[in-house]
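These notes are about the structure you will find just below.
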Amino acid sequence: MRVALACLALLFAAPAASAQTPAATEAAAPAMAYSDQSPAYRFFPGDEVEITIFSAPELSRSATIGPDGRLALPLIGAVRAADLTSEELRDILVSAYAAHLRMPELSVTPRTYASRQVFVGGEVARPGIYEMPANIDAFQAIALAGGFLPSAHRSDVLVLSRASGETSVTEIDLSMRAVRNGLPNAQPLQRYDVVYVPRSRISQVNLFMQQYVRDALPVQFSFYYDLRGNRTN
């Protein structure tokens, strides 16, 4: 009886042991950490904001940023809100309402956020657009895309972002050595960030972005990026 129980124990233990593969261990990325240096959130179409005008409460309202990136507001009409922080939008509204109100005082508060999407491309198992389930970094986004292919050059992963208001490209080391060191260069991804895993080492990042990444971007992402550094919408 003891021999039979021992055999059963080995049978159940074997799958559990095989599950602890290097890939499973590798996927255990460190938790994201935010700091005072993290860029402020910038509005996107579909976000809902609450405009509270203390000096004229009848003008206060909640409004959704339209597909064109603008808010429709009383007295001042359409105002661009996309790609602005709460403070930047507040300053623009104060200036706009100053032509109609005496000493306008107001606040801008985000209420709801539209879908948060990132694009993962290059040498990953399933390139495509992914909804961010939480605050994730590039390593975790690649995990959503099925992980690295054997051909991936993991120490030169590119992240294309507009979190700072300008298009920026960052090279991130996601090699196993970097993972063991806690991914020191990992930063939280922002909406519409692009994570691209190259096949080989990149010598000229800007040329690589123009020749390869531009063609890989889906329409809704290329709408937000001009790889020369300018907004296309």
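The values are calculated or read from the model by the stated rules, or taken from the named source; none is laboratory data. Bear in mind the structure is a predicted one, so any value in this text is a computation, not a measurement. Glycine also receives a Cβ, built like all others from the backbone with ideal geometry; neighbour counts cover every protein chain displayed.
One table, with the values for the structure above:
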item	result
Qualifying positions in segment 139-180 - modelled with pLDDT under 90, touching a strand residue (DSSP E or B) at 6+ places or on another chain (Cβ under 9 Å) and of a type in the set (D, E, K, R)	Asp156, Arg162, Glu171
Odd one out for Phe44 among (1) more than 26 Å from Ala145 (Cα to Cα); (2) modelled with pLDDT of 50 or more	(1)
Within segment 106-160, considering residues that are under 30 Å from Pro74 (Cα atoms) and of a type in the set (D, E, K, R), the one surrounded by the most Cβ atoms within 10 Å (Cβ to Cβ)	Arg116
Glu87 vs. criteria touching a Pro at 6+ places or on another chain (Cβ under 9 Å), closer than 27 Å to Asp193 by Cβ and touching a residue at least 40 places away in the same chain (Cβ under 8 Å)	no
Selection status of Arg191, part of a helix (DSSP H, G or I) and out of contact with any His (no Cβ under 6 Å at 6 or more places or on another chain)	no
Filter result (among the acidic types (Asp, Glu), assigned to a loop (DSSP other than H, G, I, E, B) and touching a helix residue (DSSP H, G or I) at 6+ places or on another chain (Cβ under 9 Å)) within segment 136-184	Asp173
Candidate set: segment 100-134, residues that are among the small types (Gly, Ala, Ser) and within 30 Å of Phe148 (Cα to Cα); chosen: the one modelled with the lowest pLDDT	Ala134
Pro110 being over 19 Å from Glu48 (Cβ atoms) and in contact (Cβ under 8 Å) with a residue 24 or more places away in the chain	no
Selected residue (only one of Val79, Val49, Val94, Val108 is part of a helix (DSSP H, G or I) and not small (Gly, Ala, Ser))	Val94
